[in-house]
Amino acid sequence: MFDDLRTISLLDWLENDLLMIVDSCQLASSDASFRRYFRIKTPEGSFVVMDAPPDKENTENFIRVAELLAQIKVNVPIIFQQNTVEGFLLLEDFGSQCFLDQLTLENATALYSSAFDALLLMQSQTSTEHCDLPAYNEALLQRELGIFEEWFLHECLDTPIPAEIWAHLSEVLINSALDQPRVCVHRDYHSRNLMFLTDDSPGIIDFQDAVIGPITYDLVSLLRDCYISWSPELIERWRNDYYQRLVGLDLIAVSPEQFKRWFDLMGLQRHLKAIGIFSRLHLRDGKSTYLNDIPRTLTYVLAVCADYPELSAFSDFLQEQVVPVHETFRQSHSL
């Protein structure tokens with residue numbers, strides 16, 4: 001058991017308010033936010049309890065999006081009980097095996113096929129007008145890019161970017177994002193948030209920040225995952241197959257080349273944000289293991305920049321100033 005005040009309050013809610021018999025309580029995971037998840041064993045079976053401090057997290061977002069996705073038959077955990085005042089939710093237990101634990105070159109296409117099916121449901125069945133999700137607008141895109149500039153370039157590396165290069169990069173990425181058809185965006189659709197299940201896999205978690213935004217966002221999150229990488233040939237094949245499904249449902253009406261550009265530039269925006277978040281987790285929150293995910297993510301950034309001439313100034317800045325400083329930083333942190 002645990003002796004911190006949040007966990008004591010959580011167990012008090014389970015045992016005294018819900019009258020549950022808790023045989024064991026173990027930390028199941030903690031993510032990049034302030035949330036924690038506990039797995040409890042009871043005579044009725046296993047459950048997961050979310051601990052989301054109300055001053056830092058919003059359980060109501062999780063509840064609202066869970067209801068939205070469940071209505072369109074996306075497999076999200078059932079919410080059995082909720083305590084929004086204290087920030088506790090009693091959830092269905094999807095187990096401890098996520099896609100990242102299972103993925104191999106041999107089974108990736110089969111596993112991703114189920115992830116594509118679930119993603120297509122979210123994108124095709126969610127009403128963008130009536131779902132009450134916030135818009136992934138210019139202000140939010142700009143704020144997310146700012147995380148890279150502030151936490152990675154300034155705080156981690158002390159390597160400021162020239163204003164004109166940053167302004168041009170932001171304009172290219174934001175315009176590309178806003179040009180795309182708008183759909184439901186999970187916003188963190190990757191191998192750690194897709195749970196491997198015996199039935200109705202994947203179980204989808206960590207969806208509370210969903211928005212209405214660009215159609216390529218979740219696809220590039222999945223295929224250019226910050227935690228596992230695939231060959232360009234495989235990514236191209238998967239992307240093209242999904243493109244054909246979107247065309248078949250009249251969700252897009254652009255050329256494969258335009259779709260690839262949207263995909264690449266959306267991935268670049270996401271990966272810059274991720275690098276900034278990994279840096280912030282290290283500096284602000286003491287979660288330094290995320291630094292190990294920066295090299296893979298930065299590799300994605302460099303590859304995309306090399307493919308687009310309009311990003312040549314940013315590419316040169318990365319190659320000449322950021323990469324050498326980051327390598328020194330990695331060595332000093334024994335990564």
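Read-outs: derived from the displayed coordinates by stated rules, not from any lab. All figures in this text were calculated on a predicted structure; none of them were measured in a lab. With ideal geometry, Cβ positions are generated from the backbone for all residues, glycine too; neighbour counts draw on all protein chains shown.
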Cβ-Cβ FRET estimate between GLN125 and THR328, R0 fixed at 56 Å, reported to 0.05: 0.70
Rounded to the nearest 20 debye, dipole of region 28-134 from Cβ charges on Lys, Arg, Asp, Glu: 140
Farthest toward positive dipole pole in region 99-332 [+1 Lys/Arg, -1 Asp/Glu at C-beta], among CYS305, LEU265, GLN331: GLN331
Using a Förster distance of 35 Å, the FRET efficiency for ASN16-ILE78 (Cβ separation, nearest 0.05): 0.95
Acute angle (nearest 10 degrees) that the helix 232-248 long axis makes with the longest principal axis of the chain, alpha-carbon atoms: 70
Rounded to 10°, Cα long-axis angle of helix 59-71 versus longest principal axis of the chain: 90
Length released on extending from LEU27 to ARG245, taking residue separation times 0.36 nm less the Cα-Cα span: 74.5 nm
In degrees, nearest ten, helix 323-332 long axis to first principal axis of the chain (Cα): 40
Net +/- balance of residues flanking SER229 in space, Cβ distance below 13 Å, scoring K and R +1, D and E -1: -1
CD proxy at 222 nm, helix term only [per DSSP H run n ≥ 4: -39500 (n - 2.57); per residue of the chain; nearest 500]: -14500 deg cm²/dmol
Two-site label geometry, GLN97 and ASP316: point separation in nm, points 7 Å out along Cα→Cβ: 5.1
Pair GLU67, ASP179: separation of 7 Å Cα→Cβ label points (nm): 3.8
Principal axes of the chain: Cα extent on each, largest first, Å: 63, 50, 39
Efficiency of FRET from Cβ geometry, ALA253 and ARG284, R₀ 51 Å, rounded to 0.05: 0.75
Inter-site label distance for SER9 and ASP132 at 7 Å from Cα along Cβ, in nm: 2.5
Label-zone membership for region 300-335, site HIS168, 7 angstrom Cα→C-beta point, backbone N under 18 Å: 302-322
Contour excess over end-to-end distance, with Cα ends at ASP117 and ARG143 and 0.36 nm allotted per residue: 6.3 nm
Cα-centred dipole magnitude for the chain, charges only on beta-carbon of K, R (+1) and D, E (-1), debye, nearest 20: 360
Solvent-free Debye scattering, log10 I(q)/I(0), computed from the Cα coordinates of region 140-276 at q = 0.19, 0.22 Å⁻¹: -1.22, -1.47
Amide H within-cut-off set for ALA28, under 5 Å, with H built and near neighbours excluded: TYR37, PHE38, ARG39
Region 29-107: chymotrypsin sites (Phe, Trp or Tyr not before Pro) falling in loop per DSSP and having at most 16 other Cβ within 10 Å: PHE34
